[in-house]
Amino acid sequence: MSRANDREILIIGGGIGGVAAALALAKCGWRSRVLEKAPEFGEIGYGIQQGPNAYRMLDWLGVMQAIEPHAVFTRNLILIDALTDRELTRIPCGDAFRRRYGAPYTVVHRRDLHGALLDACRQRDEISLHTSKELVDFTDRGTSVVARFADGSEFEGAALVGADGLRSRAREIVIGDGPPRPAGHVTYRGVVPLDQVRDQAHFDDMVIWAGPNLHFVQYRLRGGTVMNNVATIVSRKFAQGERDNYGGPDELMEAFARTTPHVQEMLSCVGKDKNWLLHDRDPLPGWTRGNVTLLGDAAHPTLQYIAQGACMAIEDAVVLAAKLREAGQDVGAALAAYEQERYLRAIRVPITARIFGSILHCDGGARDLRNHLLAQRTPETTWEVDWLYKGIELPR
């Protein structure tokens, strides 16, 4: 067994939250071991929207210089009615936006973000990276935590951080609240070369086309060289209990049948051979127990509707590291302070995401009311996301 170092933290999971936590801990004087279940480090997925709250955290971590060549600096956030192609509202992300929030709004491929964080971790002597480490169990000894893995190995550290995602083994042990909640929303994704996108009107924007029980998102990635496309439907079949036959290409096309020809044409930009059923959890306190805590999706998973899942994990990482630095050797107190500081903000995100999803997907009178109210917004109005984009205070 690898013995404890009184300044070493065990991090379960090597995704964005896990490697961000390792890097933040290193900046705050702590060593860490990142223990990833997969045989190699990597990130599965497509685009990530980085609100200014996340940009500031990544800049503090020292990785934005590596990320920026691969990022696209969003000009506007735009919402369009998918049944009429009429713009409903927008938030300009120019100079006034940057002055208010202290950073731009960017979009980046998940692999580019994760790769920059991982490369930074590899350059730090305080961070050890391990693969093929599937967590089985752990024991909190009061002064240290011993983690046991499926290959028979054991590691001991001053604390354990579960950053192992939506289906977290660490959460199963700490909270034990069962599997995540399937929302019944099904997503199709695709990244295509720009020459496959005929409408170039919004190449520098992040655009959402919203319709009854559906929406379509589009923005550029990889330094602007490709277009990211996301189509989401609320599955009628899933809601009716057809749990083995939902969300297929036929249901996707049926859901978009009422949208404009322009929106239907964009469906050619998503792959039809694979889809994702979206999940979250009902927010709960108590993700810290003694010298063990959770981070990111393991603690407070969210639906995609305010684009903050990865952003919250990065914020978690920075706050956790700062609390450990402040508390010195009292690790338990640091972890408790971390949850206390993060709790209300972190659970506000999944609750708000559910509300925003309902607003995007409404029909009938609710859609008419939504469109009427949005028509009264000015481009300078940001109260809906002001609390979010203002972010958190950077550690000193």
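The table that follows gives values for the structure above.
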{"read-out": "Number of the condition not met by Ile175 [criteria: (1) open to solvent by less than 10 Å² (accessible area, probe 1.4 Å); (2) farther than 27 Å from Ala239 by Cβ; (3) β-branched (Val, Ile, Thr)]", "value": "(1)"}
{"read-out": "Test: Gln329 is closer than 27 Å to Gly391 by Cβ, touching a residue at least 60 places away in the same chain (Cβ under 8 Å) and not in a strand (DSSP E or B)", "value": "no"}
{"read-out": "Exclusive hit being free of Cβ contacts under 8 Å to residues at least 24 places away in the same chain, closer than 14 Å to Val191 by Cβ and either of a type in the set (Lys, Arg) or not in a loop (DSSP other than H, G, I, E, B) (or both), set Val230, Val217", "value": "Val217"}
{"read-out": "Residues satisfying the stated conditions in the stretch 146-172, i.e. of a type outside the set (Asp, Glu), surrounded by fewer than 19 Cβ atoms within 10 Å (Cβ to Cβ) and within 19 Å of Asp282 (Cβ to Cβ)", "value": "Leu166, Arg167"}
{"read-out": "Hits in the stretch 48-68 - residues which are open to solvent by less than 20 Å² (accessible area, probe 1.4 Å), not in a loop (DSSP other than H, G, I, E, B) and not aliphatic (A, V, I, L, M)", "value": "Gln50, Pro52, Asn53"}
{"read-out": "Tally, over the stretch 23-64, of residues that are of a type in the set (S, T, N, Q) and closer than 13 Å to Leu113 by Cβ", "value": "2"}
{"read-out": "Meets criteria (outside any loop (DSSP other than H, G, I, E, B), surrounded by fewer than 23 Cβ atoms within 10 Å (Cβ to Cβ) and in contact (Cβ under 8 Å) with a residue 60 or more places away in the chain) for Ala353", "value": "yes"}
{"read-out": "Matching entry among Ala150, Ala210, Ala239, Ala170 (being within 22 Å of Glu36 (Cβ to Cβ) and over 19 Å from the mean Cα position of the chain (by Cα))", "value": "Ala150"}
{"read-out": "Residues that are closer than 22 Å to Leu335 by Cβ, in contact with a helix residue (DSSP H, G or I) (Cβ under 8 Å, 6 or more places away or on another chain) and open to solvent by 10 Å² or more (accessible area, probe 1.4 Å), drawn from the stretch 29-47", "value": "Gly29, Arg31, Glu36"}
{"read-out": "Hits in the stretch 195-232 (condition: in contact with a strand residue (DSSP E or B) (Cβ under 8 Å, 6 or more places away or on another chain) and over 22 Å from Arg90 (Cβ atoms))", "value": "Gln196, Asn213, Arg222, Gly223, Thr225, Val226"}
{"read-out": "Filter result for the condition that a residue is assigned to a helix (DSSP H, G or I), modelled with pLDDT under 95, closer than 28 Å to Pro92 by Cα and not hydroxyl-bearing (Ser, Thr, Tyr), over Glu315, Glu393, Glu384", "value": "Glu384"}
{"read-out": "Identity of the residue in the stretch 208-258, open to solvent by 10 Å² or more (accessible area, probe 1.4 Å) and of a type in the set (Val, Ile, Thr), that ends up farthest from Asn76 (Cα to Cα)", "value": "Val234"}
{"read-out": "Subset of the stretch 154-178 (residues that are touching a strand residue (DSSP E or B) at 6+ places or on another chain (Cβ under 9 Å), in contact (Cβ under 8 Å) with a residue 60 or more places away in the chain and assigned to a loop (DSSP other than H, G, I, E, B))", "value": "Ala158, Ala163, Asp164, Leu166, Ser168, Ile175"}
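The values are calculated or read from the model by the stated rules, or taken from the named source; none is laboratory data. This is a predicted model, so every value here is computed, not measured. In this analysis, Cβ positions are derived from the backbone assuming ideal geometry, glycine residues included, and neighbour counts consider all displayed protein chains. Just the protein is used for accessible areas: all its heavy atoms, side chains included, with ligands, DNA and RNA removed. Shrake-Rupley method; radii C 1.70, N 1.55, O 1.52, S 1.80 Å.
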